[in-house]
1. Name the residue that is surrounded by the fewest Cβ atoms within 10 Å (Cβ to Cβ), counting only residues in segment 322-339 that are hydrophobic (A, V, I, L, M, F, W, C) and part of a helix (DSSP H, G or I).
2. Do we find a residue being open to solvent by less than 30 Å² (accessible area, probe 1.4 Å), within 27 Å of Arg341 (Cβ to Cβ), assigned to a loop (DSSP other than H, G, I, E, B) and not hydrophobic (A, V, I, L, M, F, W, C) anywhere in segment 205-220?
3. Say we look at segment 123-163 and pick out the residues that are open to solvent by 10 Å² or more (accessible area, probe 1.4 Å), hydroxyl-bearing (Ser, Thr, Tyr) and touching a strand residue (DSSP E or B) at 6+ places or on another chain (Cβ under 7 Å); which of these is modelled with the lowest pLDDT?
4. Suppose we filter Ala347, Ala342 for residues that are assigned to a helix (DSSP H, G or I) and either open to solvent by 50 Å² or more (accessible area, probe 1.4 Å) or free of Cβ contacts under 8 Å to residues at least 24 places away in the same chain (or both); which single one remains?
5. Look through Ala45, Ala34 and report the one residue that is more than 21 Å from the chain's Cα centre (by Cα), open to solvent by less than 20 Å² (accessible area, probe 1.4 Å) and within 22 Å of Leu314 (Cβ to Cβ).
6. Of all residues in segment 265-289, how many are assigned to a loop (DSSP other than H, G, I, E, B) and closer than 16 Å to Ile43 by Cα?
7. Among (1) open to solvent by 80 Å² or more (accessible area, probe 1.4 Å); (2) at pLDDT 80 or above; (3) assigned to a loop (DSSP other than H, G, I, E, B); (4) closer than 30 Å to Ser160 by Cα, which single condition is Pro319 missing?
8. Within segment 292-301, identify whether any single residue is more than 24 Å from the chain's Cα centre (by Cα), surrounded by fewer than 16 Cβ atoms within 10 Å (Cβ to Cβ) and hydrophobic (A, V, I, L, M, F, W, C), and answer yes or no.
Amino acid sequence: MAGASVAGQAKSLTLGEVVRAGLSGFAHTHRLPAHHWKVLRAIAACHTPALGGHQYRCARCGAEHFVPHSCGNRHCPSCQKLNAAQWLEQQTEHLLPIPYFHVVFTLPHDLNGLIRHNQARLYSLLFATATATLLQFGRNNLKATLGITAVLHTWGQNLSDHYHLHCVVTGGGLALDGQSWVPVRPRWLFPVRALSVVFRAKFRDGLQQLFEDGQLQFPSSEPCLHRPAVFSRWLRHLCRPQWVVYTKRPFAGPQAVLGYLCRYTHRVAITNSRLEALDQQNGAVSFRYKDYAQKGRLRSMSLSLEEFLRRFCLHILPPRFVKIRHYGLLANRDRPARIARARELLAQLPPQAQPSTEVVPTLKPVEPPPLVCPHCGQRALVLIAVIDRSAAPTTWDSS
């Protein structure tokens, strides 16, 4: 069962409130896949009596307090902080005392329309081509197998389409024969221009194969793309400019990697902290965003509820689609054995050649904050009942 919200938490605008305010009107003007409605209804019901909850009584003042359940949906920003921390606990044991690099692969905006109509296939193609590029450079340049954790993001700061893959890459890898650890230079992974060329070629070839296999659906704005000659011409135009591959400075050891992963792995299109105001009378919502065209300057944007929900729905993942994946040294199959071998080989390096002496951190078990009585402020709440999901319809239900 989904967890309960925390009493005594500071009240601020949430995505659930915005969805509840706009869902009824949105349902009358938009047709969406069933799983989109499922996500929106889950977020709208989050932390409301519609999902049931826990009934508490304060042992100090005797007042009763109802704590509604959360939805647990992976698109809900209210539910992802605890999920991210629990996921990180599982990943800590796989971190190595080495530098890690952050590489971002971005798809050109000319692909946006095609991606919207082929999300699962083109998201998977992005994972496959970006990670294959890194693994190929590892084999060719280092004669080693790198470790990669890749996280899909589909949004920009203003909720528009911005499809890119964040990759955390080990600073070195297991030699192809498994007999040594091959480090990389501490401040350099691979040339980004070369990565860009190979990534673009691999994605182009994969897109061409999907077309030849008849697995692409085309947007109404490009009705002629189903023709081979038109598609080939469009693909050549798409691949003419250089594609963006960005390598950030290496992380300062495993602790910094954990901090990065905590921010990125379970992030959704918009967090509650960025929401500023909900104007129900005029049907609008305002939120903060970084304007990267102005060096990341913070700005405020106001959208109608209908447009806000339309943009949010662009970033709902296909059902059962996995947005966090591991490759190479970190691939799920036999990963513990490879990590143990990597640790053994790293320990055999002479002290001056060892990439880092930092100890892999151990996270404390993550637990929800204690419940506080909203009447007397004491941590004295005692559970007296668990209330099942309410069967009564709500005013925001689109059915």
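The values are calculated or read from the model by the stated rules, or taken from the named source; none is laboratory data. This is a predicted model, so every value here is computed, not measured. Don't worry about glycine lacking a Cβ; one is built from the backbone with ideal geometry, like all the others, and counts go over all protein chains shown. Accessible surface is based on the protein model in full, side chains and every heavy atom, while ligands, DNA and RNA are left aside. Shrake-Rupley method; radii C 1.70, N 1.55, O 1.52, S 1.80 Å.
1. So, considering only residues that are hydrophobic (A, V, I, L, M, F, W, C) and part of a helix (DSSP H, G or I), the one surrounded by the fewest Cβ atoms within 10 Å (Cβ to Cβ) is Ala337.
2. No, because not a single residue in segment 205-220 is open to solvent by less than 30 Å² (accessible area, probe 1.4 Å), within 27 Å of Arg341 (Cβ to Cβ), assigned to a loop (DSSP other than H, G, I, E, B) and not hydrophobic (A, V, I, L, M, F, W, C).
3. Thr149
4. Just a single option satisfies the conditions, and that option is Ala347.
5. None of the others qualify; the one that does is Ala45.
6. Residues that pass the stated criteria total 6.
7. Of everything listed in (1) open to solvent by 80 Å² or more (accessible area, probe 1.4 Å); (2) at pLDDT 80 or above; (3) assigned to a loop (DSSP other than H, G, I, E, B); (4) closer than 30 Å to Ser160 by Cα, Pro319 misses just condition (1).
8. Here is the first cut: in segment 292-301, the residues more than 24 Å from the chain's Cα centre (by Cα) are 294.
When the remaining residues are screened for being surrounded by fewer than 16 Cβ atoms within 10 Å (Cβ to Cβ), the result is 294.
When the remaining residues are screened for being hydrophobic (A, V, I, L, M, F, W, C), the result is none.
Checked segment 292-301: no residue is more than 24 Å from the chain's Cα centre (by Cα), surrounded by fewer than 16 Cβ atoms within 10 Å (Cβ to Cβ) and hydrophobic (A, V, I, L, M, F, W, C).
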